[in-house]
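Beneath this line is the structure, given in structure tokens, with notes to follow.
The values are calculated or read from the model by the stated rules, or taken from the named source; none is laboratory data. Model, not experiment: these values are computed from the prediction. Using ideal geometry, Cβ is built from the backbone for each residue, glycine included, and neighbour counts are taken over all protein chains shown. These area figures cover heavy atoms from the full protein model, side chains too; ligands, DNA and RNA do not enter into them. Shrake-Rupley method; radii C 1.70, N 1.55, O 1.52, S 1.80 Å.
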Amino acid sequence: MTSPLQPLTSIKVKLGFLVTASVVAAALVGVLAAEAGVPVLLAVPVTVALALGVTQLLAVGMTSPLREMTEATRRMARGDYRGRVRADASDEIGELARAFNQMAAELATVDGEQRDLVATVSHELRTPLAALTATLENLADGVSAADPANLGRAVDQAQRLGDLVGDLLELSRVEAGVAALRLDELPVGRLVDEVVADLVPTGRAVRFDVEIPDGLEVSGDRARLRQLLTNVLDNAVRHSPEGGRVSVRAGVVGDRWRLDVADQGPGVPPTDRELAFERFGTLSAPGPGSQATGGTGLGLAIARWVAGLHGGTVRFVDPPPGAAGAVLRLELPLRPTVTTPTPQEASVPTSATPPSPPPPIHPGHPGSAVLPPPVLDPVFGRFWPDTAATRRGVVLAAAGVGVLAGLVLPNHTAGLALFLVSVAAGLTVAYAAAHPRDPFTLICLTLAGLCTLPIVLLDASWIGALCLLAGASSVIAGVCRAQRFHEFLLAGVSWPLAGLRDLPWLGRTLRTMTGDGNAPRVLVTALWSGLVLLVFGLLFVSADAIVASWVDTVLPDVTVDSIVLRLFVAVAVAAATLGAAYLALNPPNVRVMSSGRARTVAHRFEWLVPVVLVDLVFAVFVAAQLSVLFGGHDYVQRTTGLTYAEYVHQGFGQLTVATLLTFLVVWAAAHWAGDTRADRVWLRGSLGLLCALTLVVVGSALHRMHLYQEAYGFTRLRLFVDTFEGWLGLVVVAVAVAGVVRWGVWVPRFALVTGVAGLLGLAVINPDAWIAEHNLNRYADTGRVDWSYLRNLSADAVPVFDDESAVVISCGMPRYWSQDDDWLSWNLGRRRATSAVDGGPETMAAVMDAGSSHAPEDCVEPQ
């Protein structure tokens, strides 16, 4: 997908246009939200998300050449020069990309020439070196006498090696097309005999049958022709069977001389004859009994190059009828003309078909071998690399959840609609989870599913909101598979960051859905058409009352403000769901702060002294509680001047903070303590005492809250504090057990699971109904009750007032709930309350119809 800013010719102009477009888009969306009365808490995140989306849309392709160049450079460092970058932009980055591609092509050419040079050197030096080695081995083993003839043959081979090394210095000129021929009169018979003599000592059991007319002399470059004959004869020897025969026949045809070399090998099919002359081209596998070729595929290519320098040809021809093997025919002019060939003519032939250029490294391209790192990788580093593959289903599911939310959530109270959206979002995250079978992930997803039930079963919005928050926390912790406390914090922070982290992945996924690949372009047209119609239609409808009236006429049940609100809700829910789904699909490395860090070990007194002091402070508090327990109310009033009710009212928050700080002390001491036996004994003793004293503190807090509720009544906050303190005590016990058994990483997970389970347990007891029932019982016993607080409870408390007196019903029964919910707002708590009023005692119906049948003084709490 190309960037919409591609026609601009300056990166500065592109950046300015990008900033301007993002600001304008954010301003328009903000104004639209304000005009439609969208809540600020919903409008701000949606506006930011849409501004980021516009930025991502316009910036597509701006920096991709730089990322592609980075990846191509890494590949070049590994010796792969095939990488190319997209160079279709007309700005400075496009110029840089084109220069980079040119440099890469030149480096690839140089690298290819170097590889060809190495291959040519190894091929050319192998034959004379093998002959020299064989001669010297024969001399060393005594097979041949060290006479002047044998020594001279060895010297000749060494001299030939020297000449070849000298020719290597000239090879660059040859490849550049400036190789010149040094023509001399050469006897063909003697030249062939020299080559045969070089090949005989190589150890191949092949006989040579040479027939060269006497007096056949030609004009040519001696070194080049010997190079040509060596490669041609060596090829025949390699493809001949053991004990076979190589025939060499020469003759004159007009103004050219011809040399045929025939072997008794498997032959060369007509379809492979040209392939044999290509650089690194090899013939078919040898037949039974023939030699393995062992060649590099350069010999015949070099032979054809030398023949071309002399103005001749070398090719395979059909063998005589009834004969087997291959016949290689060399035809050269008797008197070649010295010319300077072009580089294409002078260079050794490579291939009949030029290789196709390598594909560019485009991000997200289906044929891309390596994907460049996304632009946000340097921001998130190794904490959150973008390694997720494209998942159309996840994006479509998140969009579907957003559409569902936009359709059913606005204008409906919490009930079935919110339950359906929550379940759909949870299923989307579970569908995207990278580790769905991990036991902790399964437990967290199950708890999250249970946390959606209070939404549809209870009318108390506060417990529903807490359960939704707990469910979301469970999902995030589960898909990230967090273990330690700081890992849970990192996982929680990652969810809002996922809205930024998932932009590259979202862009890659959308490109697979909008035509960059095999997807139909119709989808792109539909999306753009809908977006244009929506944006301009909303702008004109909000700007002109007549247009708005026309729209209201066509869509009488839909107002402009409701459309805008639904869009904001849809975008917000879809973005939140997509962020959580990406978090599940590509979880961050929340263990990044734990890996590779050595545990700090301090001297014993450095951690033991603070822990002992904390134990002493807790012991003083426990002693105070014992004095109150045995001294009673009189001791408290005499010592503090406070009543017992006033005394127990103090310190709930401080005791909770002290309990939480206990976990920090335990962690620090365990982190700094050594591994010696004495250190472990002191550690377990001091921290065990601290945990025991902390349990006393927790018990004191629970006791104080109980006495305070008996004195002043029951409320939601006090009930929640009871639950929270009980959970803290359970976690303290888990910490103590972990210290006795083994310091492990299971405690944070245990705390999460038990915390969510405790909150679900609070929902199970129907807290508003429990509060109403206990306050009414307290009223029956003491005559004291806060009627106004009871009236503001949710509809969950209404059935509790069944069988109560008319005064109690009139003064305390809640009455502020919707009794005409449609099916999307259906809620079991409100339904039970409505049924209790409609079918309850006569007094309940009368109170609900008349509003109130008692005077205000009847509902005042007695003093």
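Structure above, values below:
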| item | result |
| --- | --- |
| Accessible surface of the range 651-791 [probe 1.4 Å, protein heavy atoms]: carbon and sulfur percent | 69 |
| Under-5 Å amide H pairs with D221, H placed in peptide plane, nonlocal only | D184 |
| Long-range HN-HN contacts of V252 with modeled amide H, under 5 Å | R258 |
| Amide H within-cut-off set for D459, under 5 Å, with H built and near neighbours excluded | D796, G829, R830 |
| Accessible area (Å², per residue) of the range 656-729, counting only protein heavy atoms and a probe of 1.4 Å | 47 |
| Apportionment of accessible area to carbon and sulfur, the range 394-510, percent (1.4 Å) | 77 |
| Rounded if a/c under 1.5, otherwise prolate or oblate - the range 403-522, Cα gyration tensor axes | oblate |
| Those GluC sites (Glu not before Pro) in the range 183-239 that DSSP places in a loop and that have at most 12 other beta carbons within 10 Å | none |
| Accessible area (Å², per residue) of the range 420-459, counting only protein heavy atoms and a probe of 1.4 Å | 44 |
| Per-residue ³J(HN,Hα) for the range 668-683, Karplus 6.51 cos²θ - 1.76 cosθ + 1.60, θ = phi - 60°, Hz, x for Gly and Pro | 4, 5, 5, 6, 8, 5, x, 9, 6, 5, 5, 4, 5, 5, 4, 5 |
| With DNA, RNA and ligands ignored, accessible area of W462 (1.4 Å probe; Å², nearest 10) | 50 |
| Per-peptide average of other Cβ atoms within 10 Å, ordering 67-74, 24-31 highest first | 67-74, 24-31 |
| Accessible area per residue, Å², the range 767-845 with all protein chains present, probe 1.4 Å | 45 |
| Karplus-derived 3J(HN,Hα), 6.51/-1.76/1.60, for each residue of the range 444-454, Hz, glycine and proline x | 5, 5, 5, 4, 4, x, 5, 5, 7, 5, x |
| Solvent-accessible area of L216 with every protein chain in place, 1.4 Å probe, in Å² to the nearest 10 | 20 |
| Positive-pole candidate from N792, A780, L719, dipole of the range 678-825, charges at beta carbon | L719 |
